[in-house]
1. Rounded to the nearest 20 Debye, what is the dipole magnitude of the chain about its Cα centre when Lys and Arg each give +1 and Asp and Glu each give -1 at the C-beta?
2. For the chain, modelled as a Gaussian network with Cα springs under 10 Å, which listed residue fluctuates most, GLY23, GLY101, GLY33?
3. Can you give the net charge of the other residues whose Cβ lies under 13 Å from the Cβ of ALA46, counting K and R as +1 and D and E as -1?
4. What FRET efficiency comes out for HIS21 versus CYS75 if R0 is 30 angstrom and r is the Cβ-Cβ distance? Round to the nearest 0.05.
5. Which FRET efficiency, nearest 0.05, do GLN29 and VAL92 yield, Cβ-Cβ r, R0 25 Å?
6. As I understand it, the dipole of the chain uses +1 on the Cβ of Lys and Arg and -1 on the Cβ of Asp and Glu, about the Cα centre. Which of ALA7, PRO67, GLY53 lies farthest toward its positive end?
7. Under 5 Å between amide H atoms, partner at least 5 residues away or on a different chain: which partners does ARG26 have, H built in plane at 1.01 Å?
8. Let me see the pair-distance distribution of the chain: every alpha carbon pair, 10 Å bin width, integer percents in order.
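Readers should treat all values here as calculations from the given coordinates under stated rules, not as data from a laboratory. All of these numbers come straight from a predicted model, not from anything done at the bench. When we count neighbours, we look across all protein chains shown, and the Cβ atoms used for this are built from the backbone with ideal geometry, even at glycine.
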Amino acid sequence: MHELSIALSMIEQIEQVAARHPGPVRSAQVRIGVLSGVDTEALRFAWEIARAGTQFASTNLEIENVPLRIRCPACGDTHPAEVDSILCPRCVTPEQQILEGRELQLASLEIDE
Ligand SMILES: [Zn+2]
């Protein structure tokens, strides 16, 4: 299960940050791009498994879904786009540069002091 390995690696990242702070980690915010291939619901489920028995057993996972945003190399326009339709709405160039939508990152942690 792809999402479980993601959740486990997030726990590892959180451990590294938490080691430098005394308080409990209340929540972890992650950014998940629409192109990342991560199933949000599967990740929530995997998080429950990954956090069990760790010091983060009560840490909430907050997921921010990042929509696809692209830039047209032909006309320079930047625009939101659907995954199945990335033609430039202005000049209909099919080759678009992806600005946002591939994110899979731990954005921030909320830690009690
Ligand atoms: Zn264009």
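1. On the way: 9 positive and 17 negative charges, 45 e Å.
In total the dipole reaches around 220 debye.
2. Comparing GLY23, GLY101, GLY33 in the GNM, the peak value goes to GLY23.
3. Working: positive: ARG44, ARG51; negative: GLU3, ASP39, GLU41, GLU48.
Within the 13 Å Cβ shell, the charges total -2.
4. Details: r = 47 Å, r/R0 = 1.55.
After rounding to 0.05, the efficiency reads 0.05.
5. Working: r = 37 Å, r/R0 = 1.47.
Efficiency computed from Cβ-Cβ geometry: 0.10.
6. Result: PRO67, furthest along the dipole toward the positive end.
7. GLU110, ILE111, ASP112
8. Taking every Cα pair in the chain, the percentages come to 14, 37, 23, 17, 8, 1.
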